[in-house]
Amino acid sequence: MSAYQYLLILALLILLFFQWHDFTSGFRLTADDVMFFDYYSQGWQRVWRDAVETAEYTGRIGQYVLIPLNAWAAAKSDSLLWRGLFVALHMALWGLFFVYCRRVFRFQSSGYLAGLSIVMLLALQPLAFEHLPPNSYPIQNTLPFALILLCRWQINRFVSIGWGRGLFWYGLLALSMLLGDFALLFASGLLLLEHLWHLGVDEPERPKHRLLGVPVVPGRLMCDVLLVMVVLAVYWVFRYLHPSQYAGNLPDGIDHTSRWLQTALMHLLDATTVARIQDIHWPAVTFAHKLQAAFIAAVTGCLAVYFVVKTKLFVGPQQSRRTTWFILCGAVVALYWMLPVASTSRQQSWCLDSGVCAYLDSRMVFPLLGIMLAVALVAMRYRWLQFGAVVAMVVMAFFTSVHNQQQAAHMHERMQAWQRAQLQACQPTQMDRSVTAEIDPQQLIIMHPSVDRRAFWQRHLQYLRRQCPEKQSMASYFVFADVPLLPSAVDWLGQGWSTPEAWGVWSSDKRASLTLPANASAVRYVDIGFQLYHGPSLKQQSVSVYLGDKELARWSFDDDPAQYVNQHRVLTLPETEATAARKLHFEFASQRDPHYAGESADPRRLAMGIKSIEFLEHPL
C-alpha cells in the first residue's frame with residue numbers, strides 16, 4: 001500500500017471515530033431497555049422467566065434467545081468499553097453487508113465503492129432517542145444479521161455448494177432466521193434480492209432454466225424455497241401452540257393504504273438525517289460544534305470525490321443495465337422490509353400522529369440504502385450531476401455532525417441519572433424517598449407507565465451495592481418475590497395472599513396478613529406501594545390496616561384512574577422494643593371476581609396487589 005492509501009484509510013477512520021464517539025454517549029434510551037436491565041439486575045432466573053412469558057405471549061420463538069441477549073446487553077451498556085464495542089459491531093455490520101453485496105453482484109473496484117458507501121452512511125446516519133440500535137437494543141439485530149450475512153456470503157461463494165457444506169450453512173441460516181421477526185424479514189429480503197438479481201442479469205457461471213417462463217437458477221432456488229418453508233413451519237407451529245396476544249403482531253392497519261405507505265416511507269426517510277435537520281436547535285450550536293462539523297464535511301467531500309473518480313461498478317456493455325437493475329432490486333427489497341412493520345396501526349399512530357417514525361426496521365434498511373446511493377452516485381453520466389450530489393453529501397455530513405453532537409449532549413445529560421445512582425449506591429446514607437428522588441428528579445430516564453420509579457431506583461441501588469468495596473446494608477425491603485438479593489419476601493406473606501407474580505402479589509381473601517421481619521423491630525414507618533383491582537367503582541373499596549388488634553389506618557379511594565396503580569400509603573407503627581416479629585392485617589371492604597364479572601378467566605377474588613414495602617426508621 002502506498003502512503004496515499006494509508007492517508008485515505010486514516011481519513012476514513014477519523015470519520016468513523018467522530019461518529020463512534022457521538023454514538024457512545026447514550027444507552028438504555030427506551031423503556032424496553034430499562035425493563036431488560038431491571039430483569040437482569042434481579043438475576044438470570046428472572047430473565048429466563050420473562051423470556052418464556054414473552055415468547056408465549058407474543059408467539060415469537062426467538063424471544064427465548066433475544067430477551068436474555070437484550071438483558072445482558074442493557075446491563076453491560078453502562079460500561080464505555082462494552083458500549084463502544086456495541087457501536088463498533090453496528091458499524092462493522094456495514095462492512096459485512098458490503099462484502100456480501102460484492103459477492104452477489106460482482107462489483108468492480110469494490111474497495112473504492114465500499115469506501116464511498118461507508119462515507120455515505122456516515123454522512124446520513126442520525127443519532128436518535130427512538131428504538132434504534134446500537135443505542136437501544138444494542139445487539140438484538142446486529143448478531144442475527146451478522147450470522148445471516150455470513151451464511152449467505154458462504155453459500156454464494158460456490159456455484160454448487162455440496163451436501164455437507166450446504167447442510168451446515170443452511171442449518172445455521174435457518175437457526176439465525178428464527179431469532180426474531182426482524183431476522184426472518186432480513187434474511188427473506190436478502191433471498192428476494194438475490195433472486196431478483198439473477199432474474200434480470202445474465203451470469204455465465206450460473207446457468208439458468210425457465211420456470212413458468214421465468215429464468216431462475218434452479219438448484220439455488222430450490223434450496224432457498226425449502227429453507228423458507230422449514231423456517232416458516234417451525235415459526236407457525238410455535239405460533240399455533242402459543243397464539244399471539246401482542247398487538248404489535250397484528251397487521252390491523254393494512255386497510256388504511258395511504259397511512260400504511262406513508263408510514264413505510266417515513267420509516268425509510270427517518271433512517272437518515274434528512275428528516276431531522278429541522279430538529280437542530282441552532283442557538284445552542286457552539287462554534288466548536290460548527291468547527292468539528294465543518295472539518296467532518298471537508299473530509300467527507302475529499303473522500304467522496306476520490307472514491308467516485310476511482311470507482312467502476314461493472315464491466316461490459318451492459319454496465320448501465322446492471323446498475324439500474326441493482327437499484328430497482330434494492331428499492332423493492334427496501335419496501336419489502338418496511339411494509340410489514342408499517343402495516344400495524346400502532347406504528348402508523350406513532351409515526352403519523354406522534355411524529356416518531358424511526359424504528360428497528362429503519363436501521364435494517366440503512367446499509368442497503370447507503371450502497372444504493374453510492375452506486376447511483378457513481379453511475380451518473382454527467383459530471384455536473386455527480387458534483388451536485390457530492391456537494392449535497394457534504395452538506396448532509398455537516399448537518400448530521402451538528403445534529404449528532406447536539407443529540408449526544410442531550411443523551412449525556414440523561415445518562416447523569418445512572419451516574420448519580422452509582423455514586424449514591426456506596427454511600428452510607430439512609431435510602432429513603434428523598435435519595436431516590438435525587439437520582440432522576442426530572443424523570444429523564446424513560447420507563448413504562450406501570451413502573452414504580454422509586455421502587456425501580458431502590459432495586460437498582462441494591463444491585464449496585466453488591467459491587468461496592470464494602471457491602472452496605474439496606475434500610476428498605478421490597479415484596480418482589482423474584483429478587484434474589486433481598487430477604488425472602490415469600491416468608492413475610494401470611495394468609496390471604498395469592499401466588500407471587502413478577503410485579504408483586506394479589507390478595508385472594510377478604511383478610512390478608514403480612515409479617516414484619518424480627519430484625520425490623522426498630523422500624524417506625526412502613527411505606528406500602530400497591531395497586532387496586534379496578535372493579536365497577538373504587539368508591540366501594542376501602543382498606544383497613546391493623547397491627548394486632550389495633551387499627552392503624554383506614555384507606556378510602558375515589559374513581560380517579562390514577563388511583564388504580566402506583567399507590568403509596570405510609571403507616572406509622574407504635575414504639576416497641578420487642579424483637580419478635582409483628583404482624584399487619586389488611587381487611588378489604590369489597591372484592592371482585594374477574595371470572596364472575598366476565599372480565600377475564602381469572603377465578604381469584606381480588607382487592608389489593610402489593611408491589612413494594614419500604615421499612616423506615618425516620619419519617620419521609
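The values are calculated or read from the model by the stated rules, or taken from the named source; none is laboratory data. As the structure is a computational prediction, the values presented were derived from the model and not from experiment. When we count neighbours, we look across all protein chains shown, and the Cβ atoms used for this are built from the backbone with ideal geometry, even at glycine. Areas reflect the complete protein model, heavy atoms only, side chains present, ligands, DNA and RNA absent. Shrake-Rupley method; radii C 1.70, N 1.55, O 1.52, S 1.80 Å.
A few remarks follow.
- Charge dipole (Cα centre; +1 on Lys/Arg Cβ, -1 on Asp/Glu Cβ; no other charges) of the chain amounts to roughly 2240 debye.
- Working note: Debye formula, equal point scatterers on the alpha-carbon atoms of region 338-442, no solvent; log10 I(q)/I(0) at q = 0.16, 0.20, 0.23 Å⁻¹ is -0.98, -1.09, -1.15.
- Think of it this way: in the chain, C101, C151, C223, C302, C329 stand alone, with no other Cys Cβ under 4.7 Å.
- The accessible area of E203, taken with all protein chains in place and a 1.4 Å probe, comes to roughly 10 Å².
- Area accessible to solvent at S188, 1.4 Å probe radius, in Å²: 20 Å²
- Estimated vicinal HN-Hα couplings, Hz - region 246-262 in sequence order (Karplus 6.51, -1.76, 1.60; Gly, Pro = x): 8, 5, x, 8, 8, x, 7, x, 6, 6, 8, 4, 5, 5, 4, 5, 4
- Relative packing of peptides 262-271, 319-328 - highest average C-beta neighbours within 10 Å first: 262-271, 319-328
- Set K510/K550; K76/K611; K510/K611 screened for pairs whose C-alpha atoms are more than 24 Å apart: K76/K611
- Local charge for F27 was computed over the other residues whose Cβ lies under 12 Å away, with Lys and Arg +1 and Asp and Glu -1, and equals +2.
- Counting Lys and Arg as +1 and Asp and Glu as -1 over every other residue whose Cβ lies under 12 Å from the Cβ of C351, the net charge comes to -2.
- Charge dipole (the chain, unit charges on Cβ, about Cα centre) - positive-most of H448, A334, M372: M372
- Separation of alpha-carbon centers, region 314-369 and region 227-248, rounded to whole Å: 24 Å
- Whole-Å distance, taken between Cα centres, linking region 26-80 and region 84-145: 24 Å
- The candidate values are (i) 58, 30, 19; (ii) 58, 28, 23; (iii) 54, 29, 21; the one derived from this structure for semi-axes √(5λ) of the Cα gyration tensor in Å carries the label (iii).
- Distance (nanometres) between label positions extended 7 Å along Cα→Cβ at I254 and R524: 6.5 nm
- Between the residues V308, Q531, M415, the greatest Cα displacement towards the positive end of the dipole of the chain, with unit charges on the Cβ of Lys, Arg, Asp and Glu, is found for V308.
- Label-point separation in nm, S590 to Q422, each point 7 Å along Cα→Cβ: 5.1 nm
- Every helix of 4 or more DSSP H residues in the chain counts as -39500 (n - 2.57), and over all residues that averages to -17500 deg cm²/dmol at 222 nm.
- Given a 1.4 Å probe and the protein chains as shown, F158 ends up with an accessible area of around 50 Å².
- Spacing of the modelled spin labels on H412 and V391, each 7 Å from Cα toward Cβ, amounts to 3.4 nm.
- List Y359, Y4, ordered by accessible area with a 1.4 Å probe, largest first: Y4, Y359
- Cα long-axis angle, helix 31-41 against the chain (0 to 90 degrees, to the nearest 10): 60 degrees
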